[in-house]
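Asks: Sharing a structure, written as structure tokens. Questions coming.
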Amino acid sequence: MTVVHGPETVASILRAMAADSDVCGELVRAARTRSPELARLAEAETRSHVTAMIGAAGSWFTALDRVEAIEEQDFTAALLLGADRAVQGVPVTAVLRGVQAALTRAVEITMDRCRSVGVPDGALLSVVLRMKEYGDALERHVVHGYRAAEGTAPGGADGTRVRLLRQLLVGGLVPAAEELARAGLRPDAEGLLHCLVADPGHPDALRFPRATTARLEGHLAGLSPRPPRAEEIAPGSLVVVAPAAPPAGLHALYRLCVRALDLGRSQGRHGLYDLTDFAAELALAEQPLLGAHLSRRLLGALDPTDGFHRQLALTALMFLDCGRRLDQTAAALFTHPNTIRYRLGRLQQITGGSLADLPSAGGSGPVHALHWWWALTTWLRTAGEPPGHP
């Protein structure tokens, strides 16, 4: 049997993948697993885009020897994907995480199928590189579709205001004071502004006097010379407000507010929060490797597949959240203080460490508690258990 190694073979493999419901299901799961924001949408929406984009990759691969062929292809599916997610309020970073996860899985499946029909390993490198080029172009068109929809989103957002807010908060470029004033961006008497970010599911969340707002990257973002009061935000919404800062400092604060909002959404929070309310969680999130090592050191004896061990970890986390008070922990978990005492004792027996006692080498009590909180939170996430009530 003669084995064909040229681009037509790869193109036919990609076309077959686009028609294979099992393959498309794998890519959809990869995207939804990597991006929880996408997982909240109907699976059929993601599947239709995945099918179209993989099919388009097949037609592009027939022109393997022409670099310019990438830009000649039909990227309508990618543009529509970006536009749809912008309208739905999914952050662009979450969209790209899902796209990248699906592309990575598509490359893995393509490699397996190429090997199964006899494509030599030497030729596979070229396939991987060209698929990466296609993936990069795909991501650019997703972003382009997202930005285009964002700029024409309903709600009467003025184009100049959107442009200036994006320039200042996303790009980190400070426009002239006159431009800011014309767009309604007027700092306080000290030249400072508060950055605000809100869940796009509540369009009225940032509508209070002197706030200048727009939809950016799937969030509601705004600037105001004063922070909102609790009664000025929409009921059920989540709003994060940063401390007042000069225009040059707003870009960094905006990024922190976005991350804090994503954390708050994942925890089911709502209401008005100062950015500093998320200070510890944001700081620890910057060091995932250190958190993983700390978790292994303190909780390495726990088995993530053991339901009782997960219950012990959840109880210990609640104990720390309740200020290491047995009565409050028991009330929060609707159980008896003796049950909490028993679980903490079993955790100490298994791990060899105590949440209540300082380490033998001494040290700070608050730091010791923080280490345990960080380790428990990391371990529970790794075990697939969202930190919460057991």
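Asks: At what distance in angstrom do the alpha carbon centres of region 317-337 and region 9-42 lie from each other?
Replies: A separation of 43 Å, based on Cα centres.
Asks: Please give the peptides 95-102, 16-23 ranked by average Cβ packing (other Cβ atoms within 10 Å per residue), highest first, as a rough proxy for protection.
Replies: The most tightly packed comes first, giving 95-102, 16-23.
Asks: Let me ask something else about it. Can you tell me which of 215-221, 185-191, 283-289 comes out highest on packing, and rank the rest after it, using the mean Cβ neighbours within 10 Å?
Replies: The peptides rank, most packed first, as 215-221, 185-191, 283-289.
Asks: Given a 1.4 angstrom probe, what's the average accessible area per residue across the chain, in square angstrom?
Replies: 48 Å²
Asks: What residue among VAL142, VAL240, VAL127 shows peak mean-square fluctuation when the chain is described by a Gaussian network model with Cα springs under 10 Å?
Replies: Comparing VAL142, VAL240, VAL127 in a Gaussian network model of the chain, the most mobile one is VAL127.
Asks: Below 8 Å between Cα atoms, with a sequence gap of 6+, how large is the relative contact order for the chain in percent?
Replies: Relative CO of the chain lands at 12 percent.
Asks: Sticking with this structure for a sec: Highest first, please rank the peptides 27-35, 270-278 by the mean number of other Cβ atoms sitting within 10 Å of their residues.
Replies: The densest-packed peptide leads the list: 27-35, 270-278.
Asks: Specify which labelled value, from (1) 1.19; (2) 1.31; (3) 0.95, agrees with Cα Rg over 2.2 N^0.38 Å derived from the coordinates of the model shown.
Replies: Derived directly from the coordinates: (1).
Asks: Tally Lys/Arg at +1 and Asp/Glu at -1 over every other residue whose Cβ is under 9 Å from the Cβ of SER237; what's the total?
Replies: Values: positive: none; negative: ASP199, ASP204.
It works out to a net charge of -2.
Asks: Return the inverse of the average 1/r over all pairs of distinct C-alpha atoms in region 123-240, which is the Kirkwood hydrodynamic radius, in Å to one decimal. Working shown, then result.
Replies: Values: mean 1/r = 0.0621 Å⁻¹.
Result for region 123-240, one decimal place: 16.1 Å.
Asks: Using a 1.4 Å probe on the protein chains only, how many percent of the accessible area of the chain belongs to carbon and sulfur?
Replies: 57 percent
The values are calculated or read from the model by the stated rules, or taken from the named source; none is laboratory data. Just so it is clear, the model here is predicted, and its values are computed rather than measured. For neighbour counting, all protein chains shown are included, and Cβ atoms are generated from backbone atoms with ideal geometry for every residue, glycine included. All accessible areas refer to the heavy atoms of the entire protein, side chains included, with ligands and DNA or RNA removed. Shrake-Rupley method; radii C 1.70, N 1.55, O 1.52, S 1.80 Å.
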